[in-house]
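The values are calculated or read from the model by the stated rules, or taken from the named source; none is laboratory data. From a predicted model like this one, the values you see are computed outputs, not experimental measurements. Note that we place each Cβ from the backbone using ideal geometry, even for glycine, and neighbour counts take in every protein chain shown. The area values use the complete protein model at the heavy-atom level, side chains included, leaving out ligands, DNA and RNA. Shrake-Rupley method; radii C 1.70, N 1.55, O 1.52, S 1.80 Å.
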Amino acid sequence: MPVAEPQKELRFTRAGQALVFAILAAVLVMVALVFFLLAPHRPDHPVLPHPAWGFLPLALALLAARLAWHCARHAYILLSPIGVEIFPFFRPAANMQVIPWAQIAAAEVGDKMLTLHFSAEKTAGIHLALSPIAKDRRELLAKAIRGRLPS
């Protein structure tokens with residue numbers, strides 16, 4: 001479904017997690033290359049693994065690369081005029097959660113955690129890990145949340 005007014009939204013992706021999956025994909029490709037490059041030396045050293053074993057890390061590398069692309073492309077937290085939209089890692093379209101701005105009484109933004117309080121006494125709320133968001137974007141998220149909520 002296309003967004004009606006995308007200029008009024010701030011989208012924060014899982015770029016922090018995407019980096020981890022991209023590095024994992026690169027390492028797995030290197031492991032696969034080791035299996036394939038050892039193939040010519042296998043007749044001299046029968047203890048070396050068969051080159052076909054290289055396809056396993058290669059398949060895992062493709063999976064990790066797909067996960068990296070998915071994390072970098074799709075939103076984790078979306079700030080819209082309606083409120084804060086949270087997209088989980090698994091089945092984001094079915095399990096997304098929308099918290100209206102009127103429901104948020106206060107917010108605490110730390111280095112690793114975002115806490116949205118639903119009451120002034122801070123007895124109800126939600127905690128969101130900020131590790132999926134790239135470190136350079138966390139301050140932008142904090143500024144946007146603080147700018148939207150009353151002091």
Matching residues, the stretch 69-99, being farther than 19 Å from V20 by Cα and open to solvent by 50 Å² or more (accessible area, probe 1.4 Å): P81, I82, R91, A93, A94, N95, M96, Q97, V98
In the stretch 86-95, is there at least one residue being among the β-branched types (V, I, T) and either in contact with an Asp or Glu (Cβ under 9 Å, 6 or more places away or on another chain) or over 30 Å from R148 (Cα atoms) (or both)? no
Restricting to the stretch 84-143, name every residue that is among the acidic types (D, E) and under 17 Å from the mean Cα position of the chain (by Cα). E85, D111, D136, E139
Among the residues of the stretch 111-144, how many are of a type in the set (S, T, Y), touching a residue at least 12 places away in the same chain (Cβ under 8 Å) and open to solvent by 40 Å² or more (accessible area, probe 1.4 Å)? 1
So, F55, is that one closer than 26 Å to I23 by Cβ, loosely packed, with under 14 Cβ neighbours inside 10 Å and within 15 Å of the chain's Cα centre (by Cα) or not? no
